[in-house]
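Student: Next up is a structure, given as structure tokens.
Readers should treat all values here as calculations from the given coordinates under stated rules, not as data from a laboratory. Here the structure is a predicted model, which is why all the values come from computation and not from measurement. Methodologically, a virtual Cβ is constructed for each residue, glycine included, from the backbone with ideal geometry; neighbour enumeration extends over all protein chains shown.
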Amino acid sequence: MIELFKQPNLDWMGKAKYFYALSGILLLAGWTSILFGRGIKYGIDFSGGANVDVRFANPPNLDKLRSGLSAQGIGNSEIQPIRDIGSSSNSEVLIFVESKGQDENVARAKVLDALNATYGVGSSGKPDFNFATPSSLAAVLTEKDPLFLSVNAGDRYRQLAKAILDYRDTNANGIVTNFDDLGKVPGVTPAVLSVIKSSFSQGPFAIRKTEVVGPKVGAELRKQAVLVTLYALGGMLVYIAFRFEWVYGAAAVLAVFHDVLITLGFFSLLRFEISLTVIAALLTLVGYSMNDTIVIFDRIRENNRLLRREPFDVVVNKSINQTLSRTILTSGLTFLTVLVLFLMGGQVLRAFSFALVVGIIVGTYSSFGIAAPIVVAWNRWRGHGVVAGSGPAAGNKNRGSENVTARLAPAGRR
Amino acid sequence: MKPHLKWKALFILVVIVLCIYFLFGYPTFPTSFAQVKDNFKNQIKLGLDLQGGSHLVLQVQVREAIAQETDTTVDRITTMLRSKNVHYDEVRRIDDLHILVKNIDPAQYSTLSDLISAQYNNVWDVSPAAGEPNSYTLTLRPSAIAAIQEQTMTQARETIEQRINALGLTEPTVVPRGGRDANEILVQLPGVGDTAEAKAVIQAGGQLELRLVRDPATYPSVAAYMAQHTVLPAGAELLPACPDNRVRTSDTGDVWYVLDRAPIVTGRDLRTAVENRNARNPGSWQVDFTLSPEAARRFGPFTQQNIGNSMAIVLDHCVKSAPVINGRIDDSGMIEGSFSQQSAHDLALVLRAGALPASIKYLEERTVGPSLGADSIRHGVQASVLSLLVVMIFMLIYYRMSGGNAVLALILNLIILLAVMALFGAVLTLPGIAGVILTIGMGVDSNVLVFERIREEIRNGKSSAAAVDAGFDNAFRTIIDTHVTTVVSAAFLGFFGTGPIRGFAITLVVGLVANIFTAVYVSKTIFQYHLTKMDRQAELSI
């Protein structure tokens, strides 16, 4: 069998101070950037405003776009090029107008006006093919009737229009730069093509997405995201305290809190945007890091009964070593999964998967670097660190407040 | 094979077959690959972020409906006090929730209190007004406020739903959103990339009233009226002509009518409304309406009494037209104006659906174009498939035969996850795909936990069969703890989160439950089956 580690025997708890130092440095770096640097960049979900995602047929001249926006009085909007890793084209931009007292719907209309004025189709008067909807295209085809259909013409043309626009949206990325490409769609005859050519113009851009979020909604969502995270942490704290002992719950929650803080620091340092989806990712990482911590705690609980004569930190070291290959394997594979997502998931998932890429490393590390040392430190402080029979069961018995042994035993025997 | 193993195997098989049938063979049993694809597309509904469409969040200004109720009450109390010859200084609205009845004749106070207790028993509370002799404050009760709020929200949602449905879009949804006091409605329009039409229809007022014209003359402004009459008669109101009212030409400018405050008929009394060509002017359109039988019983006698007077057709607080009543009208009427076919059609639609009880404000609007949706699907599916492949290949190399077990468990996990989501009509969104990927990660983790544990037990000298048993038993405790913890946090996300967070949570919870089934129950059954087949001393391929 292939094995990563044959009986590893590392003194993890002896290195606790290095772990604390490492975490301290990471936290300090990230939070200096958040508090004194440029700070956390909130996406439209939390800041409110208007977003317009535009794809151009050719890479746009950003200065020209900027001056077009200025002409509409929204020159201070943010223009963000969107690049796909793996494709060199940078013809997509995200225009973001912050809502500073102005109506977001008006802001969006202004962006669209600016785009039309700057890159407009000109005075041909024909509708832009890139903005055609299945019903508008079907109406044109039915009227011109290039296939000379008399029966069911409407239905046939509706299907044809849908097929043509599906081609535009999936194969041509939403922008058709050459009408002749449409000839590849089954059912498109030269006659159909010439009808399209004569009735539509080719605009140089297509709107991929628009978002308008009122500032009140943004504030509410921000509050909700924080609350939900705290609830989730509280729920986990209670569950772990119930299954183990409260100090384990506290240590686990502190560790994931530490993970979230460090990940947020990286978001600020690397200027990734925090959106609602990123919150979902942060919560995933909370669950994931917790998962890791519990695997180790579970082992500590088990070993603590088996190895009553050993000091507690030796038990913890042994538990981490025993679960080490599982930790590395799972983290490695999950890391690979989210790395694929980060590289291939497209721009919509970029920030989401970035949170997980960082979070999985930090979350794995915090299980043995933060959570376990806290439990050891607590036990040492209570004076049970070196005495035989220490650990959760013994520690609680001394307090005499509740009978944890009774709860632990059945779980252990399973 | 041991009998209990047989039953386990049968159970697993039934679950798998059901899931596969539900995903691919339902609702029509497929005879070709295209039908399999169609079935799958039918069962797995895509969210707006993947298929493209619009997402609108709007807030109903319930406060307006409450203010409206207060106004109506002021009018009614005034009328009733007058009809009973009660002396008082004034009845006026203090704010949305309070009415002041000032300086009422003390001998006649009982008339007021009787009136309130008879008509507004559970709606208004009466108390002496502070600092004003013989004056009383009426306060709207919290229970009445809640009732108005609920009624307004229900009516608003139903109205918007009817209006949106009349647009003939595919599967629009109109649902309340947020807490009770959020007063929010979520409108989702799959496949609609341009919200202009939907917003116009939602936003249209559609508040129709027929009111008696008090004064045959019209006035160019409020000031002009006041200059002539100094005071507006009680129960009357000045309203302007709508911009498309025929009487408004460029040289007459503004036109104001003196109307009864109280309408005889409102939009709620309509039975139908349809657009028709205007008989006198074939190029333009009009909206014909008929009244409900109950309203017709009121309207008939009323028009009979008022032959020769004018009747104003008021739409959204302006006068569309004010024709003279030529004879008794029972149940039909028409609205004229400079309508095109489209605008007449839209007005008829709005009238049929009824008026919005209060105005609305847009809080959020998101539109995803179809090309971005297609992009996201492609990226999401590619990433999922690639990561699944990487994980599977690794598991096969690292754990050999047992790795096959893990691969099977992963595939089953995905099938069950998708089938359960289809069963509950859950929608697959982009964060949902991320939830699927996390499920893959957790699935791998469960397998790794079990396998590592079995290896450990083998190292400790246990036989293959004993090692498998001990491995599953010990790992099960850990798996339960990790899964329950994640489910606990996901449950909070599902209950308190909205939009993408909820989609993610739902996928995750379903995936985790499926994972316990596949990674523990199914995987263990396969191991046990394998153990019964192999030599007791042979080494397990793990």
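Student: What area, in nm² and to one decimal, does the C-alpha convex hull of the range B:257-339 cast on average over all directions?
Tutor: 5.6
Student: Any idea what the relative contact order of the range B:71-145 is, in percent, if you count C-alpha pairs under 8 Å spaced at least 6 apart? Before the final figure, lay out the partial values.
Tutor: Numbers: 100 pairs, mean separation 20.1, N = 75.
Once divided by the residue count of the range B:71-145, the mean separation gives 27 percent.
Student: In Å, what is the Rg of the alpha-carbon atoms in the range B:453-542, and how long is Dmax?
Tutor: 17.4, 56
Student: For residue B:321, list long-range residues whose amide hydrogen, built 1.01 Å from N in the peptide plane, is under 5 Å from its own amide hydrogen.
Tutor: Amide H neighbours of residue B:321: B:313.
Student: Give me B:379, B:530 sorted ascending by neighbouring Cβ count inside 10 Å, so fewest comes first.
Tutor: So the residues, fewest neighbours to most, are B:530, B:379.
Student: Next question, about the same structure. Within chain B, which cysteines find no other Cys whose Cβ is under 4.7 angstrom from their own?
Tutor: B:19
Student: To continue, here is another question. Convex hull volume of the Cα atoms in the range A:289-381, per residue, in Å³?
Tutor: Roughly 75 Å³ of hull volume per residue.
Student: Still on this model: For the range A:49-120, what is the relative contact order in percent, using Cα pairs closer than 8 Å and at least 6 residues apart in sequence?
Tutor: This gives 43 percent for the range A:49-120.
Student: Rg over Rh of the protein assembly as shown, using C-alpha atoms and the Kirkwood radius, what does it come to?
Tutor: 1.06
Student: OK, next. Anything over 32 Å Cα to Cα? Flag those among A:6/B:533; B:6/B:462; B:37/B:361; A:223/B:361, in the order listed.
Tutor: B:37/B:361
Student: Here's a follow-up. Please compute the average number of Cβ atoms from other chains found within 10 Å of each residue's Cβ in peptide A:213-220.
Tutor: Per residue, the number of nearby Cβ atoms from other chains is 4 on average.
Student: Given H placed on each backbone N at 1.01 Å, which residues far from residue A:274 in sequence or on other chains put an amide H within less than 5 Å of it?
Tutor: Under 5 Å from the amide H of residue A:274: A:41, A:42, A:43.
Student: What average number of partner chain Cβ atoms lie no more than 10 Å from the Cβ of the residues making up A:321-330?
Tutor: Per-residue shielding by partner chains comes out at 5.
Student: Given the Cα atoms of chain A, and with Rh set as the inverse mean 1/r over their pairs in the Kirkwood sense, what is Rg to Rh to two decimals?
Tutor: 1.15
Student: Which angle from 0 to 90°, rounded to the nearest 10, does the C-alpha axis of helix B:293-305 make with the longest principal axis of chain B?
Tutor: Rounded to the nearest ten degrees, it is 20.
Student: Fewest first, what order do A:266, A:352 take by the number of other Cβ atoms within 10 Å?
Tutor: A:266, A:352
Student: In whole Hz, what ³J(HN,Hα) sequence does the range A:173-179 give by Karplus (6.51, -1.76, 1.60; θ = phi - 60°), x for Gly and Pro?
Tutor: 6, x, 10, 9, 9, 9, 4
Student: Still on this model: Name the most mobile residue of A:377, A:163, A:281, meaning the one with the largest mean-square fluctuation, in a Gaussian network model of chain A with Cα contacts below 10 Å.
Tutor: A:163
Student: Can I ask one more? Using amide H atoms built 1.01 Å from N in the peptide plane, name the residues 5+ places from residue A:92, or on other chains, whose amide H lies under 5 Å from its own.
Tutor: Amide H to amide H, under 5 Å and 5 or more residues apart or across chains, residue A:92 pairs with A:56, A:82.
Student: A further question on this structure: Enter the mean projected area of the convex hull around the alpha-carbon atoms of chain B, in nm², rounded to one decimal.
Tutor: Mean shadow area of the hull around the Cα atoms is 38.1 nm².
Student: What list do you get for A:144, B:320, B:533 if you sort them by fewest beta carbons within 10 Å?
Tutor: In order of increasing Cβ crowding within 10 Å: B:533, A:144, B:320.
Student: On to the next question. If you plug each phi of the range B:442-453 into the Karplus form 6.51 cos²θ - 1.76 cosθ + 1.60 with θ = phi - 60°, what whole-Hz ³J(HN,Hα) values come out, in order, with x for Gly and Pro?
Tutor: For the range B:442-453, the Karplus-derived couplings read 5, x, 4, 4, 4, 4, 4, 4, 4, 5, 4, 5 Hz, x marking Gly and Pro.
Student: Additional query: Place a +1 charge on the Cβ of each Lys and Arg in the range B:71-145 and a -1 charge on the Cβ of each Asp and Glu, then give the dipole magnitude about the Cα centre in debye, rounded to the nearest 20.
Tutor: Details: 7 positive and 10 negative charges, 33 e Å.
Using only the charged Cβ atoms, the result is roughly 160 debye.
Student: Add +1 for every Lys or Arg and -1 for every Asp or Glu among the other residues with Cβ under 12 Å from the Cβ of residue B:203, and state the total.
Tutor: 0
Student: Scattering from the C-alpha atoms of the range B:218-364 alone, worked out with Debye: what is log10 I(q)/I(0) at q = 0.15, 0.17, 0.19, 0.21 1/Å?
Tutor: Each listed q corresponds, in turn, to -0.89, -1.12, -1.32, -1.47.
Student: Report ³J(HN,Hα) in whole Hz for each residue of the range B:255-261, in order, from the Karplus equation J = 6.51 cos²θ - 1.76 cosθ + 1.60 where θ = phi - 60°; Gly and Pro get x.
Tutor: Once θ is set to phi - 60°, the couplings for the range B:255-261 become 10, 10, 10, 9, 10, 4, 5 Hz.
Student: Local charge sum around residue A:365 (other residues, Cβ-Cβ under 13 Å, Lys/Arg +1, Asp/Glu -1)?
Tutor: -1
Student: Which whole-angstrom value gives the distance between the alpha carbon centres of the range A:206-282 and the range B:357-379?
Tutor: If we compute the Cα centre of each part, the gap is 24 Å.
Student: In peptide B:426-437, what is the residue-averaged number of other protein chain Cβ atoms found within 10 Å of each Cβ?
Tutor: For this peptide, the per-residue mean of nearby foreign Cβ atoms is 4.
Student: For the range A:49-120, what is the Kirkwood hydrodynamic radius in Å, using each pair of distinct C-alpha atoms?
Tutor: When all Cα pairs of the range A:49-120 are included, the Kirkwood radius is 12.4 Å.
Student: Show me A:90-99, B:429-438, B:209-218, B:263-272 ranked by packing, highest mean number of other Cβ atoms within 10 Å first.
Tutor: B:429-438, A:90-99, B:209-218, B:263-272
Student: Determine the sum of side-chain charges near residue A:291: Lys and Arg each +1, Asp and Glu each -1, restricted to other residues whose C-beta is under 10 angstrom from that of residue A:291.
Tutor: -3
Student: Mean separation of Cα pairs under 8 Å and 6+ residues apart, divided by the residue count of chain A: what relative contact order is that in percent?
Tutor: Once divided by the residue count of chain A, the mean separation gives 22 percent.
Student: Please report, in debye to the nearest 20, how large the charge dipole of the protein assembly as shown is about its Cα centre when each Lys and Arg carries +1 at its beta carbon and each Asp and Glu carries -1 there.
Tutor: In debye, rounded to 20, the protein assembly as shown gives about 3440.
Student: Under 25 Å Cα-Cα from residue B:41, which lysines qualify once same-chain neighbours fewer than 8 residues away are excluded?
Tutor: Reachable lysines: A:162, A:184, A:209.
Student: Which residue, B:230, B:274, A:377, has the largest displacement toward the positive end of the dipole of the protein assembly as shown when charges sit on each Cβ (Lys, Arg +1; Asp, Glu -1)?
Tutor: The listed residue farthest towards the positive side: A:377.
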